[in-house]
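Just below is one structure, and these are the notes that go with it.
The values are calculated or read from the model by the stated rules, or taken from the named source; none is laboratory data. Predicted, not measured: the structure shown is a model, and the values here were computed from it. Positions of Cβ are generated from backbone atoms using ideal geometry, with glycine treated the same way; all protein chains shown enter the neighbour counts.
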Amino acid sequence: MKNNKSIAVLPFVNLSNDAGNEYFSDGITEEIINALTKIEKLKVIARTSSFAFKGKNIDVRKVGKQLGVSTLLEGSVRKANNRVRITAQLIDTKDGSHYWSKNFDKELVDIFKLQDEISLLIANEVRNNFGHFDIQEHLVKKVTNSVDAYELFLKGRYSQLQWTPESMRTAIEFYDSAIATDENYAKAYYANLQCYGLLAAWGFMPYQEGIEKAIGYFLKAKEIDTKLPEYPLSFVGRSFWGEWDFKSAYTHIKQVLEISPNHTDGLEAMAELFIAHGFFKQAIVYAKRLLEIDPLSANNLYTLAHIYYYKKDFETALNYIRKAISFGPDLELANHLHVLCLIWLNRKEEFNDAVKNQKTIDLYNLLYSVKNEGIIEIPNFQIEEWVDAEKEDTQLAPIQLFILANTKHQEIAFNLLKKYINQRRGQIINYRFDPLLEKLKANTEFNNLHHSKLFIEDITLDVKTKKSSKILVDKEEQETFKEKLLDYFKENEPYLNSQLSLNILAEEVDIHPNKLSFLINEIMGINFNEFMNKYRLNHFKSIALNPKFKHITILGLAYDSGFNSKSVFNTYFKKIEGVTPSKWVKSQNI
């Protein structure tokens, strides 16, 4: 279902002579996305889903439908020396019409001010067209005094988001250069913390070395800025996945979401935390909220599929995991879950097709036989080969454990599970609810495998979204304001000014723009642009029938009435009158 107060920022096109400036246009796009996410009640599509359309020429109406948004922002960036030229235009996904566009030409020294200006203008135009929400005075904070450091950070971010070991190392070099240019650049320290943490976790550098470097950057970052969401997020990986300290992880995830309610990493972590406790209803709330703002993410679809898998709703899990694979065919975790669903559903032909290119095809085949073909005993030589299974650092999933847990070797399986838990292996963090470990629950020690005090007992209902700061105005004040506004429009005809904005009108009637927006929507039952266009249309109709203006074209009369766009005028006129302006004029002159 499409949310009218919603926007997707498509990747800005790099129009610079240097193709190497792609990092800059991508960076500007992401900064605008981040700025707009600060507005409560405005749905902003996350970077992953927006960038899925990079370089693709797709009908904007189809994009809007796929992302569930009413508005798309398209734009371009031309960077030359110390100047940047940015063009931006807003598109209504219902009919593909462009309802706002603007060019910006500034020196790079003002880049943060420019991003703030663009973001505020975009937010105001979406509000003017689709209904009220509050907008802050500023959306972009200046994070460094050095433009050079900022450009180096954007180059690092561009490399990091390729998510390969080589690109992460390149990103670290750029982030280090940014830090050398501005030693107080907190976001660069946090970025290196993430890069080193991932390289260590993925096994692409010695674990201890990577963690020590990550901690070093963290200690410097926290001395500079602890108000960024990256600060509490830095604790989540260690407390949640590293130590299985779920209470601590919950505290830090909440802090992330308090700073940034739609932070995708924070939402995913909260969904995973609820999964680890078997609170699947709450986990689904967070997983679906995540998909609402990032619908084309294979990882997000995998997270939702995993919840249904633990609920033993394998058919629903399979549907979601197939969508995940369609968006990210190389996502190994999704392919693994796909296989497990097919095993549970006993779909041999589909299973064979799914495992044919898997490195662990023999183990998958054996697990299938155990679950569906009555195999209950594994040969001793095979079990002896698995004696050190817990030492395999690169295994995607503990398939040997799953096999043993569903045969007569459950005691061996239980001992192996204990080893995994002592190691805090991420692959079995949800062991209490894994369908393939169900038979191990018969062991009296099962509930003591992980100390119960680390599990959360008091957050089962904590799935509420942040409450809005709705402006409350009593009926008497509403009526007073309505009379004041209508009198002002009658006496001053401000709608004839084609450049009139809600902010300008708010200044003229001496009221805060947020309150004016709220009152127009609340009292008139329409948004700001509809309110203005209603007056402009009535004015057009009055002068179009006046013989004194017969020499002026229909479009000229529209501009004289305050419309500043031919397409907006024609679209609105036909929406209200049911015919084109020219047909209407002819019908009135008969």
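Figures for the structure shown
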{"read-out": "Odd one out for residue 251, checked against (1) without any contact (Cβ under 8 Å) to a residue 24 or more places away in the chain; (2) over 28 Å from residue 38 (Cβ atoms); (3) assigned to a helix (DSSP H, G or I)", "value": "(2)"}
{"read-out": "Residues that are assigned to a helix (DSSP H, G or I) and either of a type in the set (A, V, I, L, M) or farther than 22 Å from residue 290 by Cβ (or both), drawn from region 221-237", "value": "221, 222, 223, 224, 233, 236"}
{"read-out": "Condition broken by residue 584, with the remaining ones in (1) under 39 Å from the mean Cα position of the chain (by Cα); (2) more than 21 Å from residue 102 (Cβ to Cβ); (3) surrounded by 14 or more Cβ atoms within 10 Å (Cβ to Cβ) satisfied", "value": "(1)"}
{"read-out": "Search result, residues across region 208-229 that are in contact with an Asp or Glu (Cβ under 9 Å, 6 or more places away or on another chain) and under 21 Å from residue 248 (Cβ atoms)", "value": "221, 229"}
{"read-out": "Residue 452 vs. criteria among the small types (Gly, Ala, Ser) and either at pLDDT 85 or above or surrounded by 14 or more Cβ atoms within 10 Å (Cβ to Cβ) (or both)", "value": "no"}
{"read-out": "Selection from region 388-412 of residues that are more than 17 Å from residue 338 (Cα to Cα), surrounded by 11 or more Cβ atoms within 10 Å (Cβ to Cβ), of a type outside the set (Asp, Glu) and at pLDDT below 90", "value": "389"}
{"read-out": "Sole residue being modelled with pLDDT of 90 or more, surrounded by 14 or more Cβ atoms within 10 Å (Cβ to Cβ), over 30 Å from residue 413 (Cβ atoms) and under 29 Å from the mean Cα position of the chain (by Cα), chosen from 489, 528, 540, 433", "value": "528"}
{"read-out": "Conditions (1) surrounded by fewer than 15 Cβ atoms within 10 Å (Cβ to Cβ); (2) in a helix (DSSP H, G or I): number failed by residue 95", "value": "(2)"}
{"read-out": "Looking only at region 203-241, and only at residues there that are at pLDDT below 85 and closer than 23 Å to residue 186 by Cβ, the one that is farthest from the chain's Cα centre (by Cα)", "value": "238"}
{"read-out": "Residue within region 570-581 that is farther than 28 Å from residue 124 by Cα and of a type in the set (Gly, Ala, Ser) present", "value": "yes"}
{"read-out": "Yes/no for residue 269 being modelled with pLDDT of 95 or more and either closer than 28 Å to residue 50 by Cβ or not assigned by TED's automatic domain parsing to the domain that holds residue 434 (or both)", "value": "no"}
{"read-out": "Pick from region 327-374, criterion closer than 20 Å to residue 307 by Cα and of a type in the set (Val, Ile, Thr), ranking: surrounded by the fewest Cβ atoms within 10 Å (Cβ to Cβ)", "value": "339"}
{"read-out": "Region 143-170, residues that are within 22 Å of the chain's Cα centre (by Cα) and not aromatic (Phe, Trp, Tyr)", "value": "143, 154, 155, 156, 157, 159, 160, 161, 162, 164, 168"}
{"read-out": "Some residue of region 292-304 being over 18 Å from the mean Cα position of the chain (by Cα), buried (at least 21 other Cβ atoms within 10 Å of the Cβ) and in a helix (DSSP H, G or I)", "value": "no"}
{"read-out": "Scope region 127-153; condition among the acidic types (Asp, Glu) and within 17 Å of residue 6 (Cα to Cα); matching residues", "value": "134"}
{"read-out": "Residue count for region 359-387, restricted to those that are over 40 Å from the mean Cα position of the chain (by Cα), assigned to a loop (DSSP other than H, G, I, E, B) and either in contact (Cβ under 8 Å) with a residue 60 or more places away in the chain or within 18 Å of residue 339 (Cβ to Cβ) (or both)", "value": "2"}
{"read-out": "Of residues in region 413-427 being assigned to a helix (DSSP H, G or I) and closer than 20 Å to residue 247 by Cβ, the one modelled with the lowest pLDDT", "value": "426"}
